[in-house]
Amino acid sequence: MYRVWNYVTAYSLLLIGGALLALIWANTNPDSYHHFVHYVLVDNFFIGELHEEGGGATRTLTLHFLVNDVLMAFFFAIAAKEVWEAVILENGSLRGSRAMTPLVATAGGMIGPVVVYLGLAAALGVFETVSRGWAIPTATDIAFSYLVGRMVFGAGHPAVRFLLLLAIADDAGGLIILAIFYPTGELAPAWLLLSLGAALAVFILFNWLPRRLDRGNQLRPNSTWVRKYLSFWPYLIAGCLSWFGFQEAGIHPALGLLPIVPTIPHADRAFGIFAEAEQYLTDLLNWMEHRLKFPVEFVLFFFGLLNAGVEFSAIGAPTWLVLFGLIIGKPVGIFLFGWFAANVLRLGLPDGMRNSDLVVVGCVAAIGFTVALFVASVAFPAGPVQDAAKMGALFSFGAAIIAIVAGKVFRVQKVALP
């Protein structure tokens, strides 16, 4: 439990603190709060929010842009690192047949919320106004969901590992959705060649080539020299180029580091996102992740502070669409698709996991929060619709109570670690 709590304190408590402070501030002095959020750091800058005035276009670097579009790139890089490990490494949790049922259940956990969100929007007659926010309730907050899952099932229950696989796959799906469906401007795909070129160049020159030259030499002089004298700098430069390529291509630049993550040297195995042994790996990718830990904590604090400041008067139809998409669509989608994969496709469930446990897993996965807030901020322009949708993401914390009750109703037997 210590490792899980350590992760939650690292990546979530400061986020919650920022969100609570934002709620208090926005509801006591909204004018000063919004002035703070959109405070202009640099005008007429080469990065920032795009403004078209008098037939010309200028960029303004605001505090909101700095956090959401620049600094959050490091958070998504860490998420991408975990997804990359799970998919590519030999013992990755999303490799092979053992991952098929969670992957199918993940599809249900993303389709279900979309169906509920859009269906309710059509029924309420607000479809045209809110349809762009369909992806908001597809998100699962991996840290909080994992913590609640262990509270409900116990640390040794197979449903906890199932939940973790589902949450990692959900993060991967969320990154793809952000890149494809939420461009930040007019698409200019040619700029992605800059990102691709930076990724290929840094991989070939500073990863593949040194290892190629070191073949047959156990001392690995070239790889050692690159690691000792160049360290992370080539990858940081490539990351900046890739980030800029994403911005100019019209794709959300917070995803700009994703092409660089797979190019960084990595150990030939992963112990998992919550494994104690992970901190002892000395490869460059894990080394960089450990060094980013504390900076990303504060990035998440400011993300919560700049994005969760919603006035309670903003509660409206989008609030309930997001909330019901999460607390109804997630459990129903995960159960139906998971049951179909396990029983009809005969992919099965982990030993010791029942069909009814899928319902409880779905309730746990309904905690959106971090990524849901992020998607809400890009799905809608600043205003009442965005604020109402963000409130739904904040209310999704209530899924934790629903999950605990569901665990009691379905008589989940807690299983401790052996």
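Computed from the coordinates by the stated procedures, all read-outs in this text should not be read as laboratory data. Since the structure is predicted, the reported quantities are computational estimates derived from the model, not experimental observations. In this analysis, Cβ positions are derived from the backbone assuming ideal geometry, glycine residues included, and neighbour counts consider all displayed protein chains.
Before moving on, here are some points about what is shown:
- When shorter helices are ignored and each DSSP H run of at least 4 residues is given -39500 (n - 2.57), the per-residue value for the chain at 222 nm works out to -17500 deg cm²/dmol.
- Each label was represented as a point 7 Å from its Cα along the Cα-to-Cβ direction; for residue 354 and residue 35 these points are 5.9 nm apart.
- Segment 287-319 and segment 138-216 have Cα centres spaced 19 Å apart.
- Along segment 314-324 the Karplus relation, 6.51 cos²θ - 1.76 cosθ + 1.60 evaluated at θ = phi - 60°, assigns HN-Hα couplings of 7, 4, x, 4, x, 4, 6, 5, 5, 5, 5 Hz to successive residues, with x for each Gly and Pro.
- Of 330/390; 293/330; 81/228; 228/293; 293/414, pairs whose Cα-Cα distance is over 28 Å: 293/330; 293/414
- From phi via Karplus (6.51, -1.76, 1.60), per-residue ³J(HN,Hα) for segment 129-140 in Hz, x at Gly/Pro: 6, 10, 4, 5, x, 4, 7, 4, x, 7, 7, 10
- Neighbour net charge for residue 314 - beta-carbon separation under 9 angstrom, K R +1, D E -1: -1
- Only Cα pairs under 8 Å and 6+ residues apart enter the sum, and on that basis the relative contact order of segment 183-251 stands at 64 percent.
- Working note: Karplus 6.51/-1.76/1.60 with θ = phi - 60° gives segment 381-397 the couplings x, 4, x, x, 5, 4, 4, 5, 5, 4, 4, x, 5, 5, 5, 5, 4 Hz, where Gly and Pro are set to x.
- Fewest-first sequence of 106, 184, 319 by Cβ atoms within 10 Å of each Cβ: 184, 319, 106
- Of 246, 45, 301, the one that fluctuates the most in a GNM where the chain has Cα springs shorter than 10 Å: 45
- Taking 20 Å as the cut-off, the amide N atoms of segment 312-353 that come nearer than this to a point 7 Å along the Cα-to-beta-carbon line of residue 100 belong to 334-353.
- Theoretical gain in end-to-end length, residue 88 to residue 413 [0.36 nm per residue, Cα-Cα removed]: 113.6 nm
- Placing R0 at 22 angstrom, the Cβ-Cβ distance between residue 237 and residue 267 gives a FRET efficiency of 0.40 after rounding to 0.05.
- Taking a ≥ b ≥ c as the square roots of the Cα gyration tensor eigenvalues, segment 237-361 comes out oblate, since a/c reaches at least 1.5 and a/b does not exceed b/c.
- For 264, 47, the sequence from fewest to most other C-beta atoms within 10 Å is 47, 264.
- 330, 408 arranged by Cβ crowding within 10 Å, fewest neighbours leading: 408, 330
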